[in-house]
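Written out below as structure tokens is the structure these notes cover.
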Amino acid sequence: MLRYLNLTVFIIFETLASNAQSVNFYPEMVLGNRSTSYQHVIGFKINDTWSLNNVSLFDTEYTNDRNNIFFIRNTLSYKLNNHFKANAAFGVKNPGAFATLTSQYQYTVPEFKLSYAIGSTYQNGFTLEQTLSMNYTPSLTKNIQAYVNLFVVVNTNLKVLDRGIQQLRIGVKKKQLITGIALNLDQFIKAEKTLENFGLFIKYNF
């Protein structure tokens with residue numbers, strides 16, 4: 001099923017990319033104490049109103065394949081105004097396929113970006129999903145910026161935590177290259193299972 005889903009997504013993205021106004025690609029590697037992970041964001045601006053992005057994460061533990069993490073989400077967004085979007089997404093993550101509808105608020109100034117989305121996800125039942133992303137890049141010198149990025153996702157049925165993700169990056173940015181320290185925290189199944197990964201990351205903004 002995962003193979004066919006990826007093929008379908010690839011065909012859709014290739015078709016839209018041929019008509020897109022701009023394409024952005026942000027790959028990242030994390031070398032941690034528990035695992036090695038790769039993740040990326042690919043964004044397509046179709047026109048001034050519609051955009052599409054793909055977020056993919058593959059996390060491989062050194063000692064236990066049962067703790068490997070995968071996450072693939074494809075999102076179609078409709079821009080309502082300069083601050084609000086409506087999003088429809090589908091993909092796969094531990095433990096299977098999911099679909100999500102959210103509304104999103106964005107605030108952007110040159111050195112600071114904030115995004116908050118809230119909506120519902122269906123994966124073996126409905127959950128309330130909230131996503132928070134903050135990015136702060138103050139200038140340190142003429143060519144170097146500090147880099148602080150926080151990404152949080154929480155899925156809950158309003159009684160217990162179904163799935164949680166927290167990612168923190170602190171480092172330096174020189175043009176498109178970013179490197180520093182990384183912290184990944186994951187919670188599964190009422191937070192009865194938790195995974196932590198701390199190490200170094202390297203990211204490049206194409």
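The values are calculated or read from the model by the stated rules, or taken from the named source; none is laboratory data. These figures come from a predicted structure and were not determined experimentally. Note that we place each Cβ from the backbone using ideal geometry, even for glycine, and neighbour counts take in every protein chain shown. Ligands, DNA and RNA are stripped out before the accessible areas are found, and what is left, the full protein with its side chains, is counted by its heavy atoms. Shrake-Rupley method; radii C 1.70, N 1.55, O 1.52, S 1.80 Å.
See the values below:
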| item | result |
| --- | --- |
| Selection from the range 41-63 of residues that are touching a residue at least 24 places away in the same chain (Cβ under 8 Å) and farther than 17 Å from residue 25 by Cα | 47, 48, 49, 50, 59, 60, 61, 62 |
| Residue within the range 131-140 that is open to solvent by 30 Å² or more (accessible area, probe 1.4 Å), out of contact with any helix residue (DSSP H, G or I) (no Cβ under 7 Å at 6 or more places or on another chain), at pLDDT 95 or above and over 30 Å from residue 90 (Cα atoms) present | yes |
| Residue count, the range 170-206 (criterion: in a loop (DSSP other than H, G, I, E, B), among the basic types (Lys, Arg) and under 21 Å from residue 137 (Cα atoms)) | 1 |
| Qualifying residues in the range 68-89 (those that are at pLDDT 95 or above and aromatic (Phe, Trp, Tyr)) - the one farthest from residue 155 (Cα to Cα) | 78 |
| Given (1) at pLDDT 95 or above; (2) open to solvent by 80 Å² or more (accessible area, probe 1.4 Å); (3) among the charged types (D, E, K, R); (4) over 19 Å from the mean Cα position of the chain (by Cα), number of the condition residue 111 does not satisfy | (2) |
| Criterion: under 20 Å from residue 57 (Cα atoms), open to solvent by less than 50 Å² (accessible area, probe 1.4 Å), of a type outside the set (Asp, Glu) and assigned to a strand (DSSP E or B) - qualifying residue of 154, 148 | 154 |
| Residue 121 at pLDDT below 95, under 27 Å from residue 197 (Cα atoms) and of a type in the set (Ser, Thr, Tyr) | no |
| Candidates 203, 190 - the one that is under 30 Å from residue 33 (Cα atoms) and buried (at least 18 other Cβ atoms within 10 Å of the Cβ) | 203 |
